[in-house]
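Beneath this line is the structure, given in structure tokens, with notes to follow.
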Amino acid sequence: MKSIITSAAIALAVGAVSISAQAPQPRPPQTLSAYLQGQYANIKTNLIRTAEKIPAEHFSFRPTPEVRTVAELFGHTMEAQYSYCSNVKGGVNPAAGKQFEKTVTDKAGVEQMVKDAFAYCDDAYASLTDAKAIELITIGVAPNQRQASRANQLAQLIVHGNEHYGNLVTYMRIKGIVPPSSAQ
């Protein structure tokens, strides 16, 4: 009887050790900079894959006359993206005056524009720390200048990109295309 109890106790102890070894480890707290970097990676993936996935003949598609075409939607989104990132990085906006929304209309041009805009912003996110995220920067042009944190501008880029990714998802669904975020 003692050997049965001893064997059972050993089995329970081994089982408990085995279960505790398999228990998920707590995740470290997510910092502001890590959160923004993760969200940026998501919108980057979704927009680049969307530009690649939509067939060339759909870049002039607009669901109703009052809304932008696929190409115009990408152009508008990337113009804003350059603006947000140039605010964070300082200096001249390399897309200023280019009017992507009106000038980039074909699939190849849109794909390149999207990749270039993300390449321009990549280092703004990659070099972000929590300390840099809360630093105040000056945005706008006199007399309409104001102070905002870097995190404000980088979060705005993500919010704006997701807003228009949502539009693109609707356009894709109308055309029978499964959006990249649903295809994963």
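If R0 is 22 Å, the Cβ-Cβ spacing of K175 and A108 corresponds to a FRET efficiency of close to 0.70.
For V141, the accessible surface of its heavy atoms amounts to roughly 110 Å² (probe 1.4 Å, protein chains only, rounded to the nearest 10). Rolling a 1.4 angstrom probe over the protein heavy atoms with all chains in place gives the chain an accessible area of 58 Å² per residue.
Its DSSP H runs of at least 4 residues, each contributing -39,500 (n - 2.57), put the calculated 222 nm mean residue ellipticity of the chain at -21500 deg cm²/dmol, to the nearest 500. Give K53/K102; K102/K132; K115/K175 a once-over and call out the pairs whose C-alpha atoms are over 29 Å from each other. Violating the 29 Å Cα-Cα cut-off are K102/K132.
Taking R0 as 41 Å, what FRET efficiency do you get between E66 and S127 from their Cβ-Cβ distance, rounded to the nearest 0.05? Here the calculated transfer efficiency is 0.55. Averaging Cα coordinates gives a centre for the range 56-77 and one for the range 106-184; these two points are 18 Å apart. Net charge of the neighbourhood of R62, taken over other residues with C-beta under 11 Å away and scored Lys/Arg +1, Asp/Glu -1, is -1. Amide H contacts of I137: A148, S149, R150, each under 5 Å away and 5 or more positions distant or on a separate chain (H built 1.01 Å from N in the peptide plane; Pro and chain starts excluded).
A quarter of the convex hull surface defined by the alpha-carbon atoms of the range 31-142 gives 8.0 nm² as the mean projection.
What aspartates and glutamates sit close enough to K89 to cross-link, taking a C-alpha to C-alpha distance under 17 Å and skipping anything fewer than 8 places away on the same chain? Filter leaves E79, D116, D122, D123, D130, E135.
Could you compute how fast the range 87-184 diffuses translationally, taking Rh as the Kirkwood radius over C-alpha pairs and applying Stokes-Einstein at 10 °C with viscosity 1.306 mPa s? Give it in µm² per second.
100 µm²/s
Over the range 119-167, the ratio between the Cα radius of gyration and 2.2 N^0.38 Å evaluates to 1.28. For the range 12-135, the share of accessible area belonging to carbon and sulfur comes to 57 percent (1.4 Å probe, ligands and nucleic acids excluded).
The values are calculated or read from the model by the stated rules, or taken from the named source; none is laboratory data. A quick note: this is a predicted structure, and the numbers were derived from the prediction, not measured. In this analysis, Cβ positions are derived from the backbone assuming ideal geometry, glycine residues included, and neighbour counts consider all displayed protein chains. Quick note on the areas: whole protein, heavy atoms, side chains included, nothing else; ligands and nucleic acids left out. Shrake-Rupley method; radii C 1.70, N 1.55, O 1.52, S 1.80 Å.
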